[in-house]
Amino acid sequence: GAVVSQHPSRVICKSGTSVKIECRSLDFQATTMFWYRQFPKQSLMLMATSNEGSKATYEQGVEKDKFLINHASLTLSTLTVTSAHPEDSSFYICSANGGGAGEYFGPGTRLTVT
Amino acid sequence: AQSVTQPDIHITVSEGASLELRCNYSYGATPYLFWYVQSPGQGLQLLLKYFSGDTLVQGIKGFEAEFKRSQSSFNLRKPSVHWSDAAEYFCAVKNYGGSQGNLIFGKGTKLSVKP
């Protein structure tokens with residue numbers, strides 16, 4: 001089946017720094033990828049829709065200048081958390097549409113901001 | 001707007017007992033429905049999905065789910081639970097509203113398995 005990878009799987013950074021998370025579709029092309037955030041013991045909430053070759057679409061309440069999304073190719077989307085703060089600590093998961101209505105999730109990235 | 005409700009936050013069953021996790025959705029047309037499982041600190045694994053056709057869907061790890069339009073439900077079942085099934089389970093529906101087909105998740109049901 002379709003595989004989506006994320007890198008890194010875990011990252012610790014200091015407050016005020018920026019962190020980049022990569023999401024790759026390994027064996028298929030994805031014009032659309034989604035970024036979700038999951039706080040501890042909570043469900044996944046959609047942050048933004050990443051569109052190849054165009055600007056991302058952000059959900060209400062998500063700061064586009066803080067969470068920069070770049071979808072430069074059909075197999076790669078990146079999420080950069082800029083000027084990270086401890087409240088940005090979360091589990092970030094990406095997904096990609098593998099055709100039809102199927103959606104494949106990456107393994108997630110655990111971000112801890114100290 | 002579409003939504004998913006998982007009424008049970010936490011369920012505990014004995015190993016070998018049967019399991020049913022409830023999921024109700026809100027959507028006017030035929031929904032695309034999914035069940036995912038998440039172990040602590042891990043990503044999501046797709047158990048099964050329903051798009052159309054046979055309303056009883058078979059998935060991996062011995063799970064099945066039944067789509068019941070009249071009840072707006074898509075409950076997940078397993079006849080005999082194993083200790084390794086302890087995890088968080090999420091029901092989701094495909095969003096055909098604003099964003100381009102993302103998934104809308106329920107709040108999840110945590111499954112604990114007693115020896």
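The values are calculated or read from the model by the stated rules, or taken from the named source; none is laboratory data. Since we're looking at a predicted model, the values are computed, not measured. No Cβ is skipped: glycine too gets one built from the backbone with ideal geometry, and neighbour counts run over all protein chains shown.
Taking B:F51, is it under 11 Å from the mean Cα position of the chain (by Cα) and touching a residue at least 12 places away in the same chain (Cβ under 8 Å)? Don't jump to the end; show me each part of the working.
On the way: under 11 Å from the mean Cα position of the chain (by Cα): no; touching a residue at least 12 places away in the same chain (Cβ under 8 Å): yes.
It is false that B:F51 is under 11 Å from the mean Cα position of the chain (by Cα) and touching a residue at least 12 places away in the same chain (Cβ under 8 Å).
Does the range A:59-66 contain at least one residue that is part of a strand (DSSP E or B) and touching a residue at least 12 places away in the same chain (Cβ under 8 Å)? There is no residue in the range A:59-66 that is part of a strand (DSSP E or B) and touching a residue at least 12 places away in the same chain (Cβ under 8 Å).
Checking the conditions here, which among B:G43, B:G59 is without any contact (Cβ under 8 Å) to a residue 12 or more places away in the chain and within 14 Å of chain A (Cβ to nearest Cβ)? Selected residue: B:G43, the only one of B:G43, B:G59 that is without any contact (Cβ under 8 Å) to a residue 12 or more places away in the chain and within 14 Å of chain A (Cβ to nearest Cβ).
Has the range A:93-104 got at least one residue that is out of contact with any helix residue (DSSP H, G or I) (no Cβ under 9 Å at 6 or more places or on another chain), of a type in the set (D, E, K, R) and within 8 Å of another protein chain (Cβ to nearest Cβ)? So that I can check it myself, show each step before the final result.
Going residue by residue through the range A:93-104, those that are out of contact with any helix residue (DSSP H, G or I) (no Cβ under 9 Å at 6 or more places or on another chain) are A:93-104.
Add one more test, that the residue is of a type in the set (D, E, K, R), and what stays is A:103.
Imposing the further condition that a residue be within 8 Å of another protein chain (Cβ to nearest Cβ) reduces the set to A:103.
For the range A:93-104, residues out of contact with any helix residue (DSSP H, G or I) (no Cβ under 9 Å at 6 or more places or on another chain), of a type in the set (D, E, K, R) and within 8 Å of another protein chain (Cβ to nearest Cβ): present.
For beta carbons closer than 8 Å, sequence separation of 6+ or different chains, a first residue in the range B:1-17 that is touching a residue at least 40 places away in the same chain (Cβ under 8 Å) and under 12 Å from B:S112 (Cα atoms) and a second that is charged (D, E, K, R) and exposed (fewer than 15 other Cβ atoms within 10 Å of the Cβ), the qualifying pairs are B:T12/B:K114; B:V13/B:K114; B:S14/B:K114; B:E15/B:K114. A single entry from B:F63, B:F67, B:F34 fulfils the requirement of being farther than 25 Å from A:Q42 by Cβ and either within 11 Å of the chain's Cα centre (by Cα) or not hydroxyl-bearing (S, T, Y) (or both): B:F67.
Would you point out which residue out of A:S54, A:S5, A:S50, A:S15 is of a type in the set (S, T, Y), outside any strand (DSSP E or B) and within 14 Å of chain B (Cβ to nearest Cβ)?
On the way: A:S5 fails: outside any strand (DSSP E or B); A:S50 fails: outside any strand (DSSP E or B); A:S15 fails: within 14 Å of chain B (Cβ to nearest Cβ).
Selected residue: A:S54, the only one of A:S54, A:S5, A:S50, A:S15 that is of a type in the set (S, T, Y), outside any strand (DSSP E or B) and within 14 Å of chain B (Cβ to nearest Cβ).
Which members of the range A:2-22 meet the condition of being of a type in the set (A, V, I, L, M) and within 27 Å of A:L74 (Cβ to Cβ)?
Step one: of the range A:2-22, the residues of a type in the set (A, V, I, L, M) are A:2-4, A:11-12, A:19, A:21.
Within the range A:2-22, A:A2, A:V3, A:V4, A:V11, A:V19, A:I21 meet the criteria.
Of all the criteria given as (1) within 14 Å of chain A (Cβ to nearest Cβ); (2) farther than 22 Å from B:N24 by Cβ; (3) at pLDDT 90 or above, the one not satisfied by B:G108 is (2). Listed conditions (1) within 8 Å of chain A (Cβ to nearest Cβ); (2) over 27 Å from A:Q60 (Cα atoms) are all met by B:Q71, apart from (1). Only strands (runs of 3 or more DSSP E) whose full extent lies in the range B:3-88 are considered here, and none of them has at least 3 residues that are among the acidic types (D, E) and within 30 Å of A:S9 (Cβ to Cβ).
Filtering the range B:56-83 to residues that are small (G, A, S), in contact with a strand residue (DSSP E or B) (Cβ under 8 Å, 6 or more places away or on another chain) and surrounded by fewer than 20 Cβ atoms within 10 Å (Cβ to Cβ) leaves B:G59, B:G62, B:S72, B:S73.
Quick one: would you say B:K94 is in contact (Cβ under 8 Å) with a residue 40 or more places away in the chain and within 14 Å of another protein chain (Cβ to nearest Cβ)? Quick ask: steps written out before the conclusion?
Working: in contact (Cβ under 8 Å) with a residue 40 or more places away in the chain: yes; within 14 Å of another protein chain (Cβ to nearest Cβ): yes.
Answer is yes for this residue.
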